[in-house]
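Inspection log for the structure reproduced underneath, given as C-alpha coordinates.
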Amino acid sequence: MKLAGLKSIESAHEDSVWAATWVPATDDRPALLLTGSLDETVKLWRADELDLVRTNTGHSLGVAAVAAHPSGIIAASSSLDSFVRVFDVDTNATIAVLEAPPSEVWGMQFEPKGTILAVAGGSSASVKLWDTASWRLVSTLSIPRPEAPKPSDKTSSKKFVLSVAWSPNGKRLACGSMDGTICVFDVERSKLLHQLEGHNMPVRSLVFSPVDPRVLFSGSDDGHVNMHDAEGKTLLGSMSGHTSWVLSVDASPDGGAIATGSSDRTVRLWDLKMRAAIQTMSNHNDQVWSVAFRPPGGTGVRTGRLASVSDDKSVSLYDYS
(Lines give C-alpha, C1' and ligand atoms only; values in the text may rest on other atoms or scores of the structure.)
Protein backbone atom coordinates (compact mmCIF):
# COMPACT_ATOMS: atom_id res chain seq x y z
CA MET A 1 0.00 0.00 0.00
CA LYS A 2 1.26 3.43 -0.87
CA LEU A 3 0.32 7.03 -1.59
CA ALA A 4 1.37 8.91 -4.73
CA GLY A 5 0.80 12.64 -5.06
CA LEU A 6 -1.59 13.45 -7.92
CA LYS A 7 -2.33 17.15 -7.67
CA SER A 8 -2.26 20.09 -5.27
CA ILE A 9 -4.16 23.37 -5.54
CA GLU A 10 -2.08 25.98 -3.72
CA SER A 11 -4.62 28.74 -3.04
CA ALA A 12 -7.71 26.53 -2.99
CA HIS A 13 -9.27 28.87 -0.42
CA GLU A 14 -8.45 32.40 0.72
CA ASP A 15 -7.77 31.28 4.30
CA SER A 16 -6.95 28.13 6.30
CA VAL A 17 -8.80 24.99 5.18
CA TRP A 18 -10.02 23.15 8.26
CA ALA A 19 -12.44 20.56 6.93
CA ALA A 20 -12.74 18.01 4.13
CA THR A 21 -14.99 15.10 3.29
CA TRP A 22 -16.13 13.20 0.20
CA VAL A 23 -19.66 13.44 -1.13
CA PRO A 24 -20.54 9.92 -2.35
CA ALA A 25 -21.27 9.35 -6.02
CA THR A 26 -24.88 9.45 -7.24
CA ASP A 27 -26.39 7.97 -10.41
CA ASP A 28 -25.75 11.27 -12.16
CA ARG A 29 -22.23 12.20 -11.05
CA PRO A 30 -19.05 10.83 -9.48
CA ALA A 31 -17.94 11.47 -5.92
CA LEU A 32 -16.96 15.08 -5.14
CA LEU A 33 -14.54 16.49 -2.59
CA LEU A 34 -16.08 18.97 -0.16
CA THR A 35 -13.81 21.45 1.66
CA GLY A 36 -14.57 24.09 4.30
CA SER A 37 -12.41 27.08 5.19
CA LEU A 38 -11.96 29.99 7.57
CA ASP A 39 -12.72 32.15 4.50
CA GLU A 40 -16.42 31.31 5.29
CA THR A 41 -16.91 29.24 2.13
CA VAL A 42 -17.49 25.60 1.26
CA LYS A 43 -16.12 24.37 -2.07
CA LEU A 44 -16.88 21.31 -4.19
CA TRP A 45 -14.12 19.76 -6.32
CA ARG A 46 -14.04 17.08 -9.03
CA ALA A 47 -12.34 13.98 -7.76
CA ASP A 48 -9.42 13.53 -10.13
CA GLU A 49 -8.70 16.91 -11.66
CA LEU A 50 -9.42 18.98 -8.53
CA ASP A 51 -11.42 21.29 -10.82
CA LEU A 52 -13.64 23.61 -8.82
CA VAL A 53 -17.32 22.75 -9.31
CA ARG A 54 -18.84 25.42 -7.08
CA THR A 55 -18.24 27.77 -4.15
CA ASN A 56 -20.98 27.90 -1.51
CA THR A 57 -21.43 30.92 0.73
CA GLY A 58 -23.90 31.30 3.56
CA HIS A 59 -21.85 31.39 6.76
CA SER A 60 -20.80 34.57 8.53
CA LEU A 61 -17.72 33.06 10.16
CA GLY A 62 -15.19 30.36 9.30
CA VAL A 63 -16.30 26.82 8.44
CA ALA A 64 -15.07 24.33 11.04
CA ALA A 65 -16.64 21.06 9.87
CA VAL A 66 -18.32 19.46 6.86
CA ALA A 67 -20.29 16.22 6.50
CA ALA A 68 -21.88 14.42 3.55
CA HIS A 69 -25.06 12.33 3.57
CA PRO A 70 -24.49 8.72 2.41
CA SER A 71 -26.93 9.30 -0.48
CA GLY A 72 -24.59 11.93 -1.93
CA ILE A 73 -27.57 14.28 -2.37
CA ILE A 74 -27.20 16.53 0.67
CA ALA A 75 -24.34 17.76 2.82
CA ALA A 76 -23.84 19.94 5.88
CA SER A 77 -21.35 22.62 6.90
CA SER A 78 -20.89 24.05 10.38
CA SER A 79 -19.35 27.35 11.22
CA LEU A 80 -17.94 29.31 14.13
CA ASP A 81 -21.17 31.34 13.82
CA SER A 82 -22.91 28.45 15.70
CA PHE A 83 -25.06 27.46 12.73
CA VAL A 84 -25.13 24.21 10.76
CA ARG A 85 -26.26 24.70 7.16
CA VAL A 86 -27.74 21.69 5.37
CA PHE A 87 -27.76 22.06 1.59
CA ASP A 88 -28.47 20.29 -1.69
CA VAL A 89 -25.10 19.26 -3.14
CA ASP A 90 -26.02 19.84 -6.78
CA THR A 91 -28.00 23.11 -6.48
CA ASN A 92 -26.66 24.61 -3.20
CA ALA A 93 -30.30 25.21 -2.12
CA THR A 94 -30.55 25.51 1.68
CA ILE A 95 -32.53 22.59 3.11
CA ALA A 96 -32.25 23.43 6.81
CA VAL A 97 -30.36 25.71 9.16
CA LEU A 98 -29.71 24.21 12.59
CA GLU A 99 -28.83 26.40 15.55
CA ALA A 100 -26.16 24.96 17.79
CA PRO A 101 -25.70 27.27 20.77
CA PRO A 102 -24.08 27.84 23.17
CA SER A 103 -20.96 26.90 21.31
CA GLU A 104 -19.51 26.24 17.90
CA VAL A 105 -19.67 22.83 16.27
CA TRP A 106 -16.31 21.10 15.98
CA GLY A 107 -17.31 17.84 14.36
CA MET A 108 -20.34 16.19 12.78
CA GLN A 109 -21.19 13.04 10.86
CA PHE A 110 -24.24 11.51 9.24
CA GLU A 111 -25.29 8.10 10.51
CA PRO A 112 -24.42 5.37 7.93
CA LYS A 113 -28.05 4.98 6.81
CA GLY A 114 -28.45 8.75 6.73
CA THR A 115 -31.36 9.09 9.17
CA ILE A 116 -29.49 11.14 11.81
CA LEU A 117 -26.89 13.90 11.81
CA ALA A 118 -24.68 13.77 14.92
CA VAL A 119 -23.19 17.10 15.95
CA ALA A 120 -20.37 17.43 18.51
CA GLY A 121 -21.49 20.31 20.65
CA GLY A 122 -18.24 21.82 21.94
CA SER A 123 -18.70 23.39 25.36
CA SER A 124 -22.27 22.10 25.72
CA ALA A 125 -20.57 18.82 26.70
CA SER A 126 -22.95 16.83 24.52
CA VAL A 127 -23.61 15.35 21.12
CA LYS A 128 -26.84 16.45 19.51
CA LEU A 129 -28.74 14.12 17.18
CA TRP A 130 -30.86 15.70 14.43
CA ASP A 131 -33.48 13.75 12.47
CA THR A 132 -32.73 14.19 8.76
CA ALA A 133 -36.38 13.87 7.68
CA SER A 134 -37.81 16.61 9.90
CA TRP A 135 -34.55 18.37 10.93
CA ARG A 136 -35.78 18.28 14.52
CA LEU A 137 -33.47 17.67 17.45
CA VAL A 138 -34.36 14.13 18.56
CA SER A 139 -31.77 13.42 21.25
CA THR A 140 -28.97 14.98 23.26
CA LEU A 141 -26.26 12.59 24.47
CA SER A 142 -24.64 14.22 27.49
CA ILE A 143 -21.02 13.59 28.38
CA PRO A 144 -20.66 12.93 32.11
CA ARG A 145 -18.55 15.34 34.10
CA PRO A 146 -15.49 14.07 35.95
CA GLU A 147 -16.12 12.66 39.40
CA ALA A 148 -16.63 15.02 42.35
CA PRO A 149 -15.84 18.44 40.94
CA LYS A 150 -15.24 21.21 43.44
CA PRO A 151 -18.43 23.22 43.93
CA SER A 152 -16.71 26.46 42.94
CA ASP A 153 -15.06 24.93 39.89
CA LYS A 154 -17.92 25.00 37.40
CA THR A 155 -16.08 25.52 34.12
CA SER A 156 -13.15 23.13 34.13
CA SER A 157 -15.36 20.21 35.15
CA LYS A 158 -17.24 20.42 31.85
CA LYS A 159 -16.28 18.34 28.87
CA PHE A 160 -15.59 20.10 25.57
CA VAL A 161 -16.57 17.76 22.72
CA LEU A 162 -14.37 17.95 19.62
CA SER A 163 -15.02 14.86 17.52
CA VAL A 164 -17.70 12.32 16.70
CA ALA A 165 -17.86 9.02 14.76
CA TRP A 166 -20.54 6.44 13.96
CA SER A 167 -19.85 2.72 13.90
CA PRO A 168 -20.49 1.15 10.45
CA ASN A 169 -23.73 -0.45 11.66
CA GLY A 170 -25.02 2.78 13.22
CA LYS A 171 -25.47 1.21 16.65
CA ARG A 172 -22.62 3.04 18.39
CA LEU A 173 -21.54 6.64 18.49
CA ALA A 174 -18.14 7.67 19.82
CA CYS A 175 -17.12 11.20 20.76
CA GLY A 176 -13.75 12.60 21.75
CA SER A 177 -13.21 15.39 24.25
CA MET A 178 -10.69 18.08 25.11
CA ASP A 179 -9.54 16.17 28.21
CA GLY A 180 -8.49 13.10 26.17
CA THR A 181 -11.40 10.80 27.01
CA ILE A 182 -13.62 9.06 24.45
CA CYS A 183 -17.25 8.24 25.25
CA VAL A 184 -19.07 5.40 23.49
CA PHE A 185 -22.87 5.52 23.37
CA ASP A 186 -25.57 2.98 22.57
CA VAL A 187 -27.57 5.28 20.31
CA GLU A 188 -30.87 3.39 20.36
CA ARG A 189 -31.03 3.54 24.15
CA SER A 190 -29.29 6.96 24.41
CA LYS A 191 -27.04 5.29 26.96
CA LEU A 192 -23.37 5.89 27.73
CA LEU A 193 -21.70 2.47 27.57
CA HIS A 194 -18.22 3.42 28.69
CA GLN A 195 -15.32 5.80 28.43
CA LEU A 196 -12.13 4.80 26.62
CA GLU A 197 -8.87 5.92 28.17
CA GLY A 198 -5.43 6.17 26.59
CA HIS A 199 -5.02 9.80 25.58
CA ASN A 200 -4.18 12.63 27.97
CA MET A 201 -4.71 15.50 25.51
CA PRO A 202 -7.55 16.56 23.18
CA VAL A 203 -8.99 13.89 20.86
CA ARG A 204 -9.61 15.81 17.64
CA SER A 205 -10.53 12.96 15.31
CA LEU A 206 -12.18 9.54 15.47
CA VAL A 207 -13.03 6.90 12.88
CA PHE A 208 -14.34 3.34 13.12
CA SER A 209 -12.84 0.58 11.00
CA PRO A 210 -15.03 -0.03 7.93
CA VAL A 211 -14.38 -3.78 8.21
CA ASP A 212 -14.61 -4.34 11.99
CA PRO A 213 -17.30 -2.30 13.77
CA ARG A 214 -15.62 -2.88 17.14
CA VAL A 215 -12.38 -1.16 16.21
CA LEU A 216 -12.12 2.59 16.74
CA PHE A 217 -9.12 4.78 15.81
CA SER A 218 -8.43 8.06 17.58
CA GLY A 219 -5.99 10.90 16.90
CA SER A 220 -4.88 13.22 19.67
CA ASP A 221 -2.76 16.24 20.50
CA ASP A 222 -0.48 13.83 22.40
CA GLY A 223 0.90 12.77 18.98
CA HIS A 224 -0.49 9.23 19.18
CA VAL A 225 -2.98 7.31 17.10
CA ASN A 226 -4.76 4.76 19.29
CA MET A 227 -6.68 1.61 18.32
CA HIS A 228 -9.50 0.71 20.70
CA ASP A 229 -11.93 -2.15 21.07
CA ALA A 230 -14.97 0.11 21.46
CA GLU A 231 -17.12 -2.74 22.77
CA GLY A 232 -14.64 -4.38 25.11
CA LYS A 233 -13.23 -1.08 26.34
CA THR A 234 -9.64 -2.15 25.74
CA LEU A 235 -6.74 -0.32 24.13
CA LEU A 236 -5.55 -2.56 21.28
CA GLY A 237 -2.49 -0.51 20.43
CA SER A 238 -0.93 2.92 20.19
CA MET A 239 1.00 4.15 17.18
CA SER A 240 3.43 7.05 17.22
CA GLY A 241 5.45 8.82 14.57
CA HIS A 242 4.04 12.33 14.28
CA THR A 243 6.13 14.96 16.05
CA SER A 244 3.11 17.09 16.98
CA TRP A 245 -0.68 17.00 17.34
CA VAL A 246 -2.65 14.46 15.30
CA LEU A 247 -5.51 16.55 13.92
CA SER A 248 -7.24 14.04 11.67
CA VAL A 249 -7.49 10.30 11.12
CA ASP A 250 -9.38 8.34 8.45
CA ALA A 251 -9.58 4.65 7.55
CA SER A 252 -9.09 3.32 4.03
CA PRO A 253 -12.21 1.67 2.55
CA ASP A 254 -10.38 -1.69 2.40
CA GLY A 255 -9.70 -1.48 6.15
CA GLY A 256 -5.99 -2.17 5.69
CA ALA A 257 -4.63 1.30 6.38
CA ILE A 258 -5.32 4.60 8.06
CA ALA A 259 -4.12 8.05 7.10
CA THR A 260 -3.42 10.90 9.50
CA GLY A 261 -2.87 14.64 9.24
CA SER A 262 -0.86 16.52 11.82
CA SER A 263 0.31 19.94 12.93
CA ASP A 264 3.81 18.66 12.10
CA ARG A 265 2.71 19.50 8.48
CA THR A 266 2.75 15.89 7.28
CA VAL A 267 0.27 13.29 6.07
CA ARG A 268 1.15 9.75 7.12
CA LEU A 269 -0.05 6.38 5.89
CA TRP A 270 -0.14 3.57 8.46
CA ASP A 271 -0.19 -0.17 7.76
CA LEU A 272 -2.52 -1.68 10.34
CA LYS A 273 -0.94 -5.14 10.20
CA MET A 274 2.45 -3.63 10.99
CA ARG A 275 0.87 -0.95 13.21
CA ALA A 276 3.43 1.50 11.91
CA ALA A 277 3.70 4.48 9.59
CA ILE A 278 4.96 3.29 6.21
CA GLN A 279 4.91 6.59 4.33
CA THR A 280 5.13 10.32 5.07
CA MET A 281 3.94 12.98 2.63
CA SER A 282 5.42 16.45 3.20
CA ASN A 283 3.79 18.58 0.51
CA HIS A 284 1.96 20.91 2.93
CA ASN A 285 3.87 23.74 4.61
CA ASP A 286 1.49 24.25 7.52
CA GLN A 287 -0.61 22.03 9.78
CA VAL A 288 -2.83 19.44 8.08
CA TRP A 289 -6.34 19.73 9.50
CA SER A 290 -8.11 16.97 7.63
CA VAL A 291 -7.45 13.79 5.65
CA ALA A 292 -10.22 11.86 3.87
CA PHE A 293 -10.32 8.69 1.79
CA ARG A 294 -12.77 8.64 -1.09
CA PRO A 295 -15.58 6.14 -0.44
CA PRO A 296 -15.99 3.24 -2.86
CA GLY A 297 -18.72 3.46 -5.49
CA GLY A 298 -19.45 5.30 -8.70
CA THR A 299 -18.96 4.22 -12.27
CA GLY A 300 -15.45 3.64 -13.53
CA VAL A 301 -13.85 4.12 -10.10
CA ARG A 302 -11.12 1.55 -9.71
CA THR A 303 -8.56 3.47 -7.75
CA GLY A 304 -8.30 4.78 -4.23
CA ARG A 305 -7.98 8.47 -3.48
CA LEU A 306 -6.95 10.40 -0.39
CA ALA A 307 -7.37 14.15 0.07
CA SER A 308 -5.72 16.45 2.59
CA VAL A 309 -6.30 20.11 3.51
CA SER A 310 -4.18 22.52 5.49
CA ASP A 311 -3.69 25.88 7.15
CA ASP A 312 -1.53 26.69 4.10
CA LYS A 313 -4.85 27.16 2.15
CA SER A 314 -4.09 24.24 -0.15
CA VAL A 315 -5.91 21.02 -1.07
CA SER A 316 -3.91 17.92 -2.07
CA LEU A 317 -5.02 14.73 -3.76
CA TYR A 318 -3.16 11.39 -3.67
CA ASP A 319 -3.56 8.04 -5.35
CA TYR A 320 -3.92 5.21 -2.80
CA SER A 321 -3.03 1.73 -3.98
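Between V53 and D229, full extension at 0.36 nm per residue minus the direct alpha carbon distance yields a gain of 59.4 nm.
Looking only at segment 59-80, which residues have a backbone nitrogen under 20 Å from a spot 7 Å from the Cα of R29 in the C-beta direction? The answer is 59, 66-78, whose backbone nitrogens lie closer than 20 Å to the label point.
Can you give me the % of accessible surface on the chain that is carbon or sulfur? Probe 1.4 Å, all protein chains present, nothing else counted. Display every interim value, and only then the final one.
Numbers: 6530 of 13160 Å².
Reported share for carbon and sulfur atoms: 50 percent.
The mean accessible area for residues of segment 1-149, using a 1.4 Å probe and ignoring ligands and nucleic acids, is 42 Å² per residue.
Using +1 on the beta carbon of Lys and Arg, -1 on that of Asp and Glu, and nothing else charged, what's the dipole of segment 1-81 about the Cα centre, debye to 20?
Values: 6 positive and 11 negative charges, 58 e Å.
Roughly 280 debye for segment 1-81.
The 1.4 Å probe gives accessible areas that order S78, S60, largest first, as S60, S78. Using R0 = 51 Å, the C-beta based FRET efficiency linking S238 and A93 works out to 0.70. Working note: Karplus 6.51/-1.76/1.60 with θ = phi - 60° gives segment 130-140 the couplings 10, 6, 7, 8, 9, 6, 9, 6, 9, 7, 10 Hz, where Gly and Pro are set to x. Once all protein chains are placed together, E231 keeps about 70 Å² accessible to a 1.4 angstrom probe.
Run through segment 1-103 and list the trypsin sites (Lys or Arg not before Pro) located in a DSSP loop whose Cβ has at most 16 other Cβ atoms within 10 Å.
Values: sites: K2, K7, K43, R46, R54, R85; in loops: K2.
Answer in residue order: K2.
Name the shape class, rounded, prolate or oblate, that the alpha-carbon gyration tensor gives for the chain, where a ≥ b ≥ c are the square roots of its eigenvalues, rounded holds for a/c under 1.5, and otherwise prolate holds if a/b is larger than b/c and oblate otherwise. Rounded shape, in that the Cα axes give a/c under 1.5. Are any of the pairs K2/K273; K2/K43; K273/K313; K128/K171; K171/K233; K7/K43 more than 22 Å apart by Cα-Cα distance, and if so, which? Correct reply: K2/K43; K273/K313. The distance between label points at I278 and K113 comes to 3.6 nm (points 7 Å beyond Cα on the Cα→Cβ vector). Each peptide in 272-280, 13-21 gets a packing score, the mean of other Cβ atoms within 10 Å over its residues, and the list from highest to lowest is 13-21, 272-280. Each of L61, T234, T280 was scored by the projection of its Cα onto the charge dipole of the chain, and the greatest displacement toward the positive side belongs to T234; charges sit on the C-beta of Lys, Arg, Asp and Glu.
For T303 and S60, the difference between the fully extended length at 0.36 nm per residue and the C-alpha to C-alpha distance is 83.8 nm.
Charges at C-beta only: +1 for Lys and Arg, -1 for Asp and Glu. How large is the resulting dipole of the chain about its Cα centre, in Debye rounded to 20? Present the calculation step by step, with values, prior to reporting the outcome.
Details: 30 positive and 36 negative charges, 152 e Å.
Once rounded to the nearest 20, the dipole reads 720 debye.
The values are calculated or read from the model by the stated rules, or taken from the named source; none is laboratory data. Please read these numbers as outputs of a predicted model, since none were measured by experiment. Counting neighbours? That spans all protein chains shown, and the Cβs are built from the backbone with ideal geometry, glycine included. Quick note on the areas: whole protein, heavy atoms, side chains included, nothing else; ligands and nucleic acids left out. Shrake-Rupley method; radii C 1.70, N 1.55, O 1.52, S 1.80 Å.
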